[in-house]
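*Asks:* There's a structure below that I have some questions on.
Readers should treat all values here as calculations from the given coordinates under stated rules, not as data from a laboratory. The model shown is predicted, which means the values in this text are computed figures rather than measured ones. Neighbour counts are summed over all protein chains in view; Cβ atoms, including those assigned to glycine, are modelled from backbone coordinates with ideal geometry.
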Amino acid sequence: MLDTIVVVDGAPIVSEKKVDALSKVLKKLFSEAGRIRDDTFYMPLNEEGKSKGYVFIGFETPEQADRAIRGLNNKRLDAKHTLLVNRFTDIERYGEDDEEEVYEEPVEEEYHEQEYLRDWLKEPNCVDQFVLHRNETVGVYWNRRGEHPETIVSREKWTETYVAWSPLGSYLCSVHRQGVQLWGSNAYERKQRFMHPGVQLLDFSPCENYIVTWSPEPIQMIPEDSPMRAQFPFTPADEGKQIVVWNVKTGLPVRTFSAAVAAENEAGAGPAGPKKISWPAFKWTSDDKYLARCVQGQQIFVYETPGMGLVDKKSIKIDGVVDFEWSPATMSSGTSKKTEEHVLSFWTPEMNNQSARVTLMTIPSKEVVRTRNLFNVADCRLHWQSQGDFLCVKVVRFTKTKKATFTNLEFFRLREKNIPIEVVELKDTVMNFAWEPAGDRLVIISTSDAPAAAPTFVSFYGLERSKGVNGQFRQVASVERKSSNSIFWSPKGRFVVVASVGGTSNNTGELDFWDFDFEGERKEVAGAEDVPANLVLMSTGQHYQLTDIAWDPTGRFVATSSSTWGRALETGYRVWDLKGTLVREEHLERFKQFLWRPRPPTLLSKEQMREVRKNLREYSKVFEQEDLAEESQASKELIAQRIRLLEEWRAWRKAVVAELEAERGGVVPLAQRGSEKEDEVIERIVEDIVSEKEEIIE
């Protein structure tokens, strides 16, 4: 019976008055693993009547004890106490002092060096990798300019649904009926797996420490007599849950949640049930320290890692709250300049004779640092600049007649004293909005509310600077485009693609390649000493019925693709350079995904990056020479290969002719046999199709 008892260490040390309350808490917690026998729950007390910090708990079966050890060991009870759960027999065995036992030195295991997960970054020419998913095949390739992609690995049925890269490119994720698997290193070996039956959606934390998975099938416990029970990572407390937060390094669940967490934000029919899933279910801070979810109209739950407990053990109650966003950067606390806090922005609508409001709050202090009242609000969207310097609130307002809407852009300047706000009024309705990465310029796509098929307008804005001081946001240019609806900035800024994306039959897939800092003739803007942009349309392109666009992490290439998930015919991808020149095109049947492999942030300092930009022209000359040498070498190798194949064919032809001559040497012609019949000549014409190309003329 001793194998049914576990020892729980790390419990709080409390006075005799609080022993009963602590016992109730621990009994409730450990009853999730199985039924506790009353006669075996024992909390020792010292001479002063205080608990000693450890407890003995007995279950009905050894399997229940195993479940308690597996599910509750290293369980964080509160901010100061983490429970350590071990089997009583193990502690007894290790505590025995047998003098007759002879010490045996443990066998030293052979060291196996682990492969570096970011080894691909050592590629001397900084060539990027990408994944292609077509039919049932998934392959990873090098993006060699102007050449056919170089295959790194290609596998059949690598995934059952789709693949995804982790945010820093360390892992390639495959999704299966049984769960999610992570692959890494040069050989793409399996590094981790997460058992979550029926999983459909996944989401990584920004630093890759955690992964969140969702399945429409609630977690069900495996029978105790099943051989799979020992590998099942969940406890009875997780039963019925559908969302799991996993620790990537250990492969174990950190906490589970019900599907209502993700479905509270949106209502409507969906494939997962009566409510439409809203994904991702949680929003993370940039350093993985906090994650949060919103219950619309009620409150925001903020959890702290690694214990996954609520900050201050309670949610933030906000009447009417609709949505929130984390700032990508931290800011100094108002109470202590040395303390860095995360900024949480959220908005509430007009209700109970109270105006709509945007609020900035710091976490974990929960101090409100700025509010903004808004009137006649139909909707709000929160857009943080990538460095956390600005927050743009896109406010859709009603006109006085309430029959139409227009848009205002409210810019919060977080790096300036008292966080001033600048308002930019627009007459049209903004459809899309995107900040320049690591910059202060933006692109807006808007349209009028009049006709249903009204053209869209693409507007470009920048922050003026006069003598090094930030000025106002002003419009640099505005152009009319028939169907543009999407904005894709280069990850390095400066270059942006404005496109028409969507697999509809009337989508022509127009592409505009813009340069914000054209190095040619500079345009003059009256009233500004430092023009925010020198905007030039470099080129235009087209990808009929395109469904996806993605920049490579270096900002040198952009891929457009037509997936079979969005359309049925003419699927495939195209790769363009940043100037809009088509580099490569492939038409692939049942093509599904094209995904660039992300890169981690650069290790260069700001001074080093500034030095690189300063000497970019000199570096460019070296790169151009290397490109020419590489192209010349590729041409030489291609010519050499063709010559080699031609010589092989000539040698084979010569050998065949010699063999035929040898066979004919022992045959007497009919004329020499005295035959009076003339030789019959049979002529056969064979047609070979060298190449065939099919073009669709619109």
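*Asks:* Which one of Val6, Leu382, Gln641 has its Cα pushed farthest toward the positive end of the charge dipole of the chain, where Lys and Arg give +1 and Asp and Glu give -1 at the Cβ?
*Replies:* Leu382
*Asks:* Then there is this: I'd like to know how the chain sits against the 2.2 N^0.38 Å rule of thumb: what's its Cα Rg over that expected value?
*Replies:* Against the compact-globule rule of thumb, the ratio is 1.26.
*Asks:* Given the alpha-carbon gyration tensor of segment 279-369, what are the semi-axes of its equivalent ellipsoid in whole angstrom, ordered largest first, with each equal to the square root of 5 times an eigenvalue?
*Replies:* The equivalent ellipsoid of segment 279-369 has semi-axes of 22, 16, 11 Å.
*Asks:* Please list 3J(HN,Hα) in residue order for segment 236-243, calculated via the Karplus relation 6.51 cos²θ - 1.76 cosθ + 1.60 where θ = phi - 60°; whole Hz, with x for glycine and proline.
*Replies:* x, 5, 8, 4, x, 7, 10, 10
*Asks:* How tilted is helix 62-72 with respect to the longest principal axis of the chain? Cα atoms for both, answer in degrees (0 to 90, nearest 10).
*Replies:* 80 degrees
*Asks:* Which GluC sites (Glu not before Pro) in segment 400-462 sit in a loop by DSSP (not H, G, I, E or B) and have at most 15 other Cβ atoms within 10 Å of their own Cβ?
*Replies:* Passing sites in segment 400-462 are Glu416.
*Asks:* Pairs Lys157/Lys592; Lys579/Lys614; Lys17/Lys314; Lys80/Lys313; Lys157/Lys241: which exceed 19 Å Cα-Cα?
*Replies:* Going by Cα-Cα distance, Lys579/Lys614; Lys17/Lys314; Lys157/Lys241 fall outside the 19 Å limit.
*Asks:* Something else about it: Placing +1 at every Lys and Arg Cβ and -1 at every Asp and Glu Cβ, with all other atoms neutral, what dipole size does the chain have around its Cα centre, in debye to the nearest 20?
*Replies:* 3560 debye
*Asks:* Then there's this: What percent does the relative contact order of the chain come to when contacts are Cα pairs within less than 8 Å and at least six residues apart?
*Replies:* Dividing the mean separation by the residue count of the chain yields 6 percent.
*Asks:* Continuing with this model, one more query. Taking amide H atoms as placed 1.01 Å from N in the peptide plane, list the residues 5 or more away in sequence, or in a different chain, whose amide H sits under 5 Å from that of Trp279.
*Replies:* Under 5 Å from the amide H of Trp279: no residue qualifies.
*Asks:* In addition: Considering all projection directions equally, how large on average is the shadow of the alpha-carbon convex hull of segment 2-94, in square nanometres?
*Replies:* 5.9 nm²
*Asks:* What residue among Gln64, Leu77, Ile36 has its Cα farthest toward the positive end of the dipole of segment 2-94, where the charges are +1 on Lys, Arg and -1 on Asp, Glu, each on the Cβ?
*Replies:* Of the listed residues, the answer is Leu77.
*Asks:* Something else: Could you give the Stokes-Einstein D for segment 32-166 in µm² per second, using the C-alpha Kirkwood radius, 25 °C, 0.890 mPa s?
*Replies:* Value of D from the Cα-based Kirkwood radius: 112 µm²/s.
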